[in-house]
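Structure, as structure tokens:
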Amino acid sequence: MQELAWYVVLIVAGFIAGIINTIAGGGSFLTLPALMLFGLDPKVANGTNRVAVLFSSASAVATFNKHGFLNRRLAFELTIPTLAGVPAGGLLAVYLPSGIFEAIFGVIFLCMAVLIAMNPKRLIEARQASDRSRWVTAPLFFAIGIYVGFIQAGMGILLLMAMSLLNTGDLLASNAIKNLIGFLVTLAAVALFAFYGYIEWLPGLTMALGNAIGGVVGAKLAIKKGNRLIFVFLIVVMTASGVKMIWSSLA
């Protein structure tokens, strides 16, 4: 009975994280502790969590695509360098403690939250993608790919920030692209962690059920409420994630 209750907790945590991941990012800061409380080793929890993220990304992409908000060409253009960085990050996750990156990215998240809050128009207003972005895309998204392979938590936040810097469109359009990139790079990460035996499939698929439903709900909320809802979610999650990462690194 107690074990059944834990599976219910995983589904609920997955549902909430699916909404957060779809609208902004950072849902893994909820699901990773839930998996560790379930009894999984941190490295196994890190790998298992990718299964749940994969399902929320897939359901979100399907919803955004159905409503015509997905720019596939730009999404695949940004996916290639991101995907190239994932194996390197995944190997780091296997052999290094995650605390190495946490403090650095925690500070980055907090600083970016302040900068974005000071200039919300950069994210909220619709605009055409900049041609010059193609010349600086590869190294930036390759670095994000390394981070994604290493930790995953906060992936959506980093992708949205990078796309805002490169003028890839408004928040809603960028969010649709973010979820497709997230699906493809997470698929690669799942394969890598499965190869090394760092995935527990039963709790991962249980949480994925909640993630998939949350992904649909999150995408519909983003479409209905538009850029301002995504903006508020992004600022709140970035701030909370930054504090959480810094706190974890100091603990």
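We did not get these values from a lab; they are worked out from the coordinates using the rules stated. The structure displayed is predicted, hence computed values, not measured ones. For neighbour counting, all protein chains shown are included, and Cβ atoms are generated from backbone atoms with ideal geometry for every residue, glycine included.
Figures for the structure shown
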item: Approximate spin-label separation V232-K66, in nm, with each point projected 7 Å along Cα-to-Cβ; result: 2.5 nm
item: Prolate/oblate/rounded call for the stretch 1-87, Cα gyration tensor, a/c under 1.5 rounded; result: oblate
item: Chain lengthening between A143 and W201 when straightened (0.36 nm per residue, less Cα-Cα); result: 18.0 nm
item: Under 22 Å from the Cα of K244 - lysines, other chains or at least 8 residues apart; result: K43
